[in-house]
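One structure below.
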Amino acid sequence: VRAVLTFSGVGGVVLGLAGREMLANFIGGVTIYLSQPFTVGDWIHSVDRSLDGWVEQIGWYYTKVNTWEKRPMYIPNAQFSSMTLINASRMSNRRILQTLRLRLADFSKVPQIVSDIRQSLLAREELDPRQHRLVFFREVGEYSLDIWLSCFTRSVFLTDYLTAQQEILVAIERIVNSHGAKFASSLTREQHLSIPSANSLYSLPSLSAADPSTITATAVPHASAEGLTSAASPPAGFANAELLGGFAQAATSSRTTPPEFHQVPSELTRSESEKIVGAGGAEGMEVAETRRSTCDDDERSKAQLDGVNRRNELEGLGSTTEVEGMEEKGVQEDELESMKVQLREDALSERENALEEIATALARRDAALQEQEAALNAIQRALEQQLRTIESREVALAVERDRIDGSTDPDLDKNVTYSLREEAAKQ
C-alpha cells in the first residue's frame, strides 16, 4: 500500500511539472489579451532583434509571428512576460540621423555649410515641424570634421522615410560642393600617410648629366649593390622617372673597385733631394711641389681604399646579421608551431576528461535505475506474499466454518469465499 501511494505521489509530481509550462503559457495568453501590448497585424521586435516580424495569430498557448524572411515563428506566450518588446507599428515618426564628415582642410567653410543645411531642413514639408531639426558641428575627428544631423519625418511608412532621407542627402551634397568643400575619407588619409616625400626617401648628391658614373658608394653608406638596386625602386606617387632612372644606374654601379694608383714613396730620398736642389731656381721648386702633391694624392688614395674595404666588411657583417635574424625568426616560428601543437593536445585531453566524466555520470545513473528497479521488484514480491497469505487464511476460515455448521452446500462456500476475498481486498 505504501508503495502504491509513493508511486502515485511521484506521478502527481511529474504531471505537475509537465502542466506547469502549459499553465504558464495559458496565463501568458490571457495577459496578452487583457493588456494588449500588441495585436494581430502589428510589427514587433525584441531589443536584441532575436524576434522581428509581423503578428499573424495570438493563441492560448503560442503566438505566431511572420518574420521579414517570410518564415513563421511560434513563440510560447510565457516568454513574453520576460521579453522586452518594441511595437514599431505604434511609432509616431521615423528619425533621420546622420553624421557628415568633411575634410580637415575645409574648417573655415563649416559654419556656412551648417547654416545652409539647417535652412534646407526648415524648408522641407516632409519633415514633422513638431519635432526638432538639429544640425551642429559636433566634433573634430582624426581625419574629418563631423557634422551631426537629426530630424523626423511625418510619415512612418518605409518608402516615404527612405525617399525623404535620400532627398536630404542629395541636397546636402550639393551644398557642400557649392562651397568648394568635400567629404573626408579614411582611405585618403591612409594614402597620404603612406606616400612620404621624395626628399625624405632619397638624399642624392649633385650629379652631372654628362658623367653619371661619378656616383660612388659614399652616396648610400653601408649598403650593398643589391640593397641599392632594391632601394632605387620608385615609391607610389613618385613621378620623376628620369631622376629615378639615373639614381638606379648610379646605385648599381656604385660598388666598384677602387681606383688604381702607383706606389710613390711618401718621402723623397736624399739623392732626389740633392738633384732637386742642384737643379736650382724655380724649376727645382716646381719639381719639389709636384713630388709633394703626388705624395698627398697617394695618401688620399690609400685612405679611399681603406674606406672601401671597411664598407665591404660592414656589408659582410650586415649580411651575417641578416642571416642570424632569419635563423632567429625560424626558431621563433618553430616555437610558435610547437605551442600550437601543445594547445591542441591540451584541448583534446580536456575533451577526453569531459567525456570520461559524462560516462561516469551515465554509469551512476544506470546504477541508480537498477537499484530502483530492484526495490520495485521487492515490493512486488512482498505484495504477492501478502496475497498468498490472505488466500490461505480464506481457505482456513471456510474449512472452519464448514466444520462448525456441518454444511456442504457449494454455493454457500462460494459466497463465503467471495466475501472473504472482498474483505481482504479492502484491507
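Below, the figures for the structure above:
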read-out: Residue list for region 375-394, restricted to those being closer than 17 Å to GLU422 by Cβ and either surrounded by 12 or more Cβ atoms within 10 Å (Cβ to Cβ) or modelled with pLDDT of 90 or more (or both); value: GLN386, LEU387, ILE390, GLU391, ARG393, GLU394
read-out: Flag for GLY53 being among the small types (Gly, Ala, Ser), at pLDDT 90 or above and assigned to a strand (DSSP E or B); value: yes
read-out: Close pairs from region 77-94: first closer than 9 Å to TRP43 by Cβ, partner surrounded by 14 or more Cβ atoms within 10 Å (Cβ to Cβ) and among the small types (Gly, Ala, Ser), Cβ under 7 Å, at least 6 apart; value: none
read-out: Some residue of region 83-98 being over 28 Å from GLU126 (Cβ atoms) and hydrophobic (A, V, I, L, M, F, W, C); value: yes
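Residue by residue, here is whether (1) surrounded by 14 or more Cβ atoms within 10 Å (Cβ to Cβ); (2) closer than 19 Å to VAL156 by Cα holds:
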site: ASP42; (1), (2): yes, yes
site: SER50; (1), (2): no, no
site: TYR62; (1), (2): yes, no
site: ASN77; (1), (2): yes, no
site: THR84; (1), (2): no, no
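The values are calculated or read from the model by the stated rules, or taken from the named source; none is laboratory data. This one's a predicted model, so the numbers in the text were calculated from it and none came from an experiment. A quick note on method: Cβ atoms are made from the backbone with ideal geometry, for glycine too, and the neighbour counts reach across all protein chains shown.
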